[in-house]
């Protein structure tokens, strides 16, 4: 009796699917450590762009805090920068949910006087050629936050120029710069009003 062609094709498809799943799982397991290593290296690079002079293991000293930030209940990662056991700055890893294409994962650094050390993008889904100018490899735009505080500029000026503030936006892209300005300001407000630890 000749096997049914549909059953034969189904069996071949099942075998092919099982083999594919096996190799995908194997690849994921073998690359998991490499991916984690690469993520840590990117994070160390971003940390180094915002703060220097620390002598602690900043990744190991990270702690998590559950807070409401940017209208979102989220777990933020806080990296204390220390010199000789004394904390002189904090770097906060947080998510701003209102980018043009969704979440923007940011690293915002400030010193103990709540003066910004800067803001860096960890991940985003912003439009290539427009919103991705928030990356330092594409533009220096995001470097303008260094040295700013809640009083410099004043509250009314923490907006893009199009909204009556002091921050430039990109030609053809206002939502992404507006998101970064808002996120930086909200981090300063939150950690000025609340304990960090």
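The values are calculated or read from the model by the stated rules, or taken from the named source; none is laboratory data. Fair warning: this is a prediction, and the values are worked out from it, not measured in the lab. Because the Cβ atoms are built from the backbone with ideal geometry, glycine has one as well, and the counts that use them run over all protein chains shown.
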### Task
Search the range 52-70 for residues being surrounded by 17 or more Cβ atoms within 10 Å (Cβ to Cβ) and farther than 15 Å from residue 191 by Cβ, and hand back the single one that is nearest to the chain's Cα centre (by Cα).
58
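Among the candidates 138, 113, single out the residue that is at pLDDT 90 or above, part of a loop (DSSP other than H, G, I, E, B) and on the phi < 0 side of the Ramachandran plot. Explain how you work it out, then say what you get.
Numbers: 138 fails: at pLDDT 90 or above.
After applying the criteria, what remains is 113.
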### Summary
Of the residues in the range 71-85, those that are loosely packed, with under 15 Cβ neighbours inside 10 Å, assigned to a strand (DSSP E or B) and under 18 Å from the mean Cα position of the chain (by Cα) come to 72, 73, 75
### Query
Regarding residue 179, is this residue farther than 20 Å from residue 78 by Cβ, under 18 Å from the mean Cα position of the chain (by Cα), surrounded by 15 or more Cβ atoms within 10 Å (Cβ to Cβ) and at pLDDT 90 or above?
yes
